[in-house]
1. Which residue, of Gln81, Gln71, is within 13 Å of the chain's Cα centre (by Cα) and not β-branched (Val, Ile, Thr)?
2. Identify the residue in the range 75-122 that is in a helix (DSSP H, G or I), among the charged types (D, E, K, R) and touching a helix residue (DSSP H, G or I) at 6+ places or on another chain (Cβ under 9 Å) and, among all such residues, is surrounded by the fewest Cβ atoms within 10 Å (Cβ to Cβ).
3. Could you give every pair whose Cβ atoms fall below 6 Å, whose first residue belongs to the range 63-82 and is within 14 Å of Phe118 (Cα to Cα), and whose second residue is among the small types (Gly, Ala, Ser), counting only separations of at least 6 or pairs across chains?
4. Quick one: how many residues across the range 19-51 are free of Cβ contacts under 8 Å to residues at least 24 places away in the same chain and within 13 Å of Val88 (Cα to Cα)?
5. Which condition breaks for Thr70 when tested against (1) assigned to a helix (DSSP H, G or I); (2) surrounded by fewer than 17 Cβ atoms within 10 Å (Cβ to Cβ); (3) of a type in the set (Ser, Thr, Tyr)?
6. Of a type in the set (A, V, I, L, M) and surrounded by 11 or more Cβ atoms within 10 Å (Cβ to Cβ), is that true of Val17?
7. What about Pro11, is it closer than 23 Å to Phe120 by Cβ and either surrounded by 14 or more Cβ atoms within 10 Å (Cβ to Cβ) or not charged (D, E, K, R) (or both)?
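Any read-out appearing in this document is the output of simple, stated calculations on the displayed coordinates, not a laboratory observation. These figures come from a predicted structure and were not determined experimentally. Neighbour counts run over all protein chains shown; Cβ positions are idealised from the backbone, glycine included.
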Amino acid sequence: MNPLSFFSQMPVLAQTVGLLALSNLFMTFAWYAHLKNLAGKPVLIAALISWGIALFEYLLQVPANRIGYTQFSLAQLKILQEVITLSVFVPFALFYMDQPLKLDYLWAALCIMGAVYFIFRS
């Protein structure tokens, strides 16, 4: 049984967004969690652990993009990924990395919403 088979009954947009959100969660941890959790470890150890986490990201991201590409253009997939990246990163930064909430997150979100408009308007 395919572990992602429950996604196959959903619309393409829901499948794509769900898989990309999960993959982005893994990638955000792979890219940034070592700054908090492995700061005292050698860079090689942090890199190997991050690569291990990133493997799960790719196991979700590749099918997400294959599914999404059946309905969306490459540019639409990329902008969708950027929206999801910011949607995952901001809570990660606030709650996991204990970073302060900045108005810059709002401005970045507004810029990305503009990109969404221009890419999806046709």
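1. Working: Gln71 fails: within 13 Å of the chain's Cα centre (by Cα).
Step by step, each of Gln81, Gln71 is checked, and only Gln81 is within 13 Å of the chain's Cα centre (by Cα) and not β-branched (Val, Ile, Thr).
2. The extreme case among them is Lys78.
3. Short answer, once both residue conditions are applied: Leu77/Gly68; Ile79/Ala115.
4. Looking only at that region, the number is 1.
5. It is condition (1) that Thr70 fails.
6. Working: of a type in the set (A, V, I, L, M): yes; surrounded by 11 or more Cβ atoms within 10 Å (Cβ to Cβ): yes.
It is true that Val17 is of a type in the set (A, V, I, L, M) and surrounded by 11 or more Cβ atoms within 10 Å (Cβ to Cβ).
7. yes
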